[in-house]
Amino acid sequence: MSLGAQIEAMIERMPPDHVSLGDLLDLFGDEGLLLITILLTLVFLIPVSIPGVSTVFGAAIVLVGVSRLSGRQLWLPARVRDRRLSSARLRPALAGGLRWVHRLERLSRPHRLPAMVDGRGLEAVNNLAFILAALLLMLPFSFVPFSNTIPALALMAYSIGFIQRDGGAVLIGHLANIGTMVYFGALIGGGGLVAQELFKRFAG
């Protein structure tokens, strides 16, 4: 099955009323962690956001990265594992984000640019970049357009790259990470200038 078809099957197998990360892990196990990561990023690729999701999903993806980096089985704290979300709200968001999976899947080529994925040291670097993308996803900028979308695309590209051993997809992930940091830097810098200007006006 293609990655897109596997993700569609995961969405179909979700419980009908509520779903938690624990439910997903019980369904797909540690072998499907990267597929679950792709699934979790889908909700950030559409304009409508679900409040509070970026913190919970981002924390789970950080722990997936730590699990990959350490070579140990994934552990989730009970608060993250048991957080329940409405399937009725989640399923349309996941389905809406699937088009990005199909786009990246069409662009992906297994074993392309092996220099980006081969070697234990490079694998560690890539997993650290994966964790960085998840941390960027968790930052409290969800009210700003594209603040969740860009790091979510990075995570999806990394996941597809790791599954397919596609260095090109991993490279896209790195570029999206850089783009996110530049974007957030501009937001913080611009906000600082606005605050400074307002302070001058009121102080004067």
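Using +1 at the Cβ of each Lys and Arg and -1 at the Cβ of each Asp and Glu in the chain, identify which of Met14, Leu132, Leu98 lies farthest towards the dipole's positive end. So the residue we want is Leu132. Label-to-label distance for Ala95 and Val182 is 3.6 nm, based on points extended 7 Å past Cα in the beta-carbon direction. Pull out a ≥ b ≥ c, the square roots of the eigenvalues of the alpha-carbon gyration tensor of region 3-203, then state rounded if a/c is under 1.5, prolate if not and a/b is larger than b/c, and oblate in the remaining case. Because a/c hits 1.5 or more and a/b fails to exceed b/c, region 3-203 counts as oblate.
Each helix, a run of at least 4 DSSP H residues, gives -39500 (n - 2.57); summed and divided by the residues of the chain, these come to -23000 deg cm²/dmol at 222 nm. Among Ser86, Ser67, Ser147, which one shows the biggest mean-square fluctuation in a GNM of the chain, springs joining Cα atoms closer than 10 Å? Residue with maximal mean-square fluctuation among Ser86, Ser67, Ser147: Ser86. Residues in region 110-116 carry Karplus couplings, in order, of x, 6, 7, 6, x, 5, 8 Hz; the curve used is 6.51 cos²θ - 1.76 cosθ + 1.60 with θ = phi - 60°, and Gly or Pro positions show x. In this structure the amide hydrogen of Asp166, modeled in the peptide plane, comes within under 5 Å of the amide hydrogens of His111, none closer than 5 places in sequence on its chain. Taken about its Cα centre, the chain carries a charge dipole of about 360 debye when Lys and Arg each add +1 at the Cβ and Asp and Glu each add -1 at the Cβ.
Throughout, read-outs are computed from the coordinates displayed, never taken from laboratory work. A quick note: this is a predicted structure, and the numbers were derived from the prediction, not measured. All Cβ positions, glycine included, derive from the backbone under ideal geometry; neighbour counts span all protein chains shown.
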